[in-house]
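The values are calculated or read from the model by the stated rules, or taken from the named source; none is laboratory data. Worth saying up front: this structure is predicted, and the values here are computed from it rather than measured. Here Cβ is always computed from backbone atoms with ideal geometry, including for glycine, and neighbour counts include all displayed protein chains.
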């Protein structure tokens, strides 16, 4: 999660207000030298804006950073309690059984979300009737037991799926997809072009269907297709507002989070996201580190799965999660949540 904000241990800070690709070299050429390199390219005539901060204590530098980029929106108090979910739910009966069991066992839990698959298709904005015959009753039961309710979601419309055929046709006919799309690295299709005000309003209206049922939080996944390139080959994208992957590789995430955040309750709701960018804290996001190993393995180490008899290179377990979480706070994101054990 790239945030171009440096904090020095002697009380200096540097924030480069740019979403262009860049890198810092800290004490590489000399112990007292920091270098910032940003690929301005065609944007070079606009210059590069940066901010220098100073404070008596390094951690105090976060305040002027917030004054520049926006203070975090607070999640709801209940969003900071323990949440539970299954990787996949079999059906409504299983969800209701889990809810009752947690209360019967007096387990301290404030929320539950249902991960995919639960809908008829990806972004069909419904519940699969074969799995969830009465989703409103399920959500109402959760609320009656003191749980807040959330869902997994993304900003793709499942292309080639019968359940989303009408929505996909509407998006295609209305120009709700980016005019130019680079390689897609998901299984479902193109992201909705949220730089298009009409597409933004359309998508938010669809999300509102869940809000009307009492959904108060989302785990927002994927939508990391917009990358600068592979190796030395550019990965061209173009959006409704004229922007390209040069900046939207970061800023699309802000729109993706914002369109959901604006449907949440006034108390802040719950928004768990895979990534973010400088300033995204205003959307009240809670960052999770993605899919890590449920182990104590360090990233890049060789591990053996004794049960399967397989050797693999670790993505990283709880140590990797701790490293990510500890660096997020000074980067402007005070809220972090990790899967148990990583």
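Does any residue of segment 134-155 turn out to be in the same structural domain as residue 209 (by TED's automatic domain parsing), surrounded by 15 or more Cβ atoms within 10 Å (Cβ to Cβ), more than 23 Å from the chain's Cα centre (by Cα) and within 16 Å of residue 191 (Cβ to Cβ)?
Checking segment 134-155: not a single residue is in the same structural domain as residue 209 (by TED's automatic domain parsing), surrounded by 15 or more Cβ atoms within 10 Å (Cβ to Cβ), more than 23 Å from the chain's Cα centre (by Cα) and within 16 Å of residue 191 (Cβ to Cβ).
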Options 197, 178, 236, 183; residue that is over 25 Å from residue 93 (Cβ atoms) and in contact with a helix residue (DSSP H, G or I) (Cβ under 7 Å, 6 or more places away or on another chain): 236
Residue hits (segment 100-136; outside any loop (DSSP other than H, G, I, E, B) and either in contact with a strand residue (DSSP E or B) (Cβ under 8 Å, 6 or more places away or on another chain) or free of Cβ contacts under 8 Å to residues at least 40 places away in the same chain (or both)) are 101, 102, 104, 111, 112, 113, 114
Which ones in segment 1-26 are within 18 Å of residue 251 (Cβ to Cβ) and touching a strand residue (DSSP E or B) at 6+ places or on another chain (Cβ under 6 Å)? 4, 5, 15, 16, 18, 20, 22
Looking at residue 193, is it on the phi < 0 side of the Ramachandran plot, assigned to a loop (DSSP other than H, G, I, E, B) and touching a strand residue (DSSP E or B) at 6+ places or on another chain (Cβ under 9 Å)? no
Name the single residue that is surrounded by the most Cβ atoms within 10 Å (Cβ to Cβ) among those in segment 295-312 being under 30 Å from residue 5 (Cα atoms) and out of contact with any helix residue (DSSP H, G or I) (no Cβ under 7 Å at 6 or more places or on another chain). 297
Boolean, residue 253 is over 19 Å from residue 175 (Cβ atoms), assigned by TED's automatic domain parsing to the domain that holds residue 136 and buried (at least 19 other Cβ atoms within 10 Å of the Cβ): yes
Whether any residue in segment 85-99 is assigned to a helix (DSSP H, G or I) and under 30 Å from residue 254 (Cα atoms) is what I want to check. no
Which of (1) under 30 Å from residue 101 (Cβ atoms); (2) without any contact (Cβ under 8 Å) to a residue 60 or more places away in the chain; (3) part of a helix (DSSP H, G or I) is the odd one out, the single condition residue 168 does not satisfy? (1)
Would it be correct to say that residue 218 is in contact with a strand residue (DSSP E or B) (Cβ under 9 Å, 6 or more places away or on another chain) and in a strand (DSSP E or B)? yes
Might you let me know whether segment 5-17 holds any residue that is without any contact (Cβ under 8 Å) to a residue 12 or more places away in the chain and either touching a helix residue (DSSP H, G or I) at 6+ places or on another chain (Cβ under 7 Å) or at positive phi (or both)? no
Number of positions in segment 158-188 that are at positive phi and at pLDDT 95 or above: 1
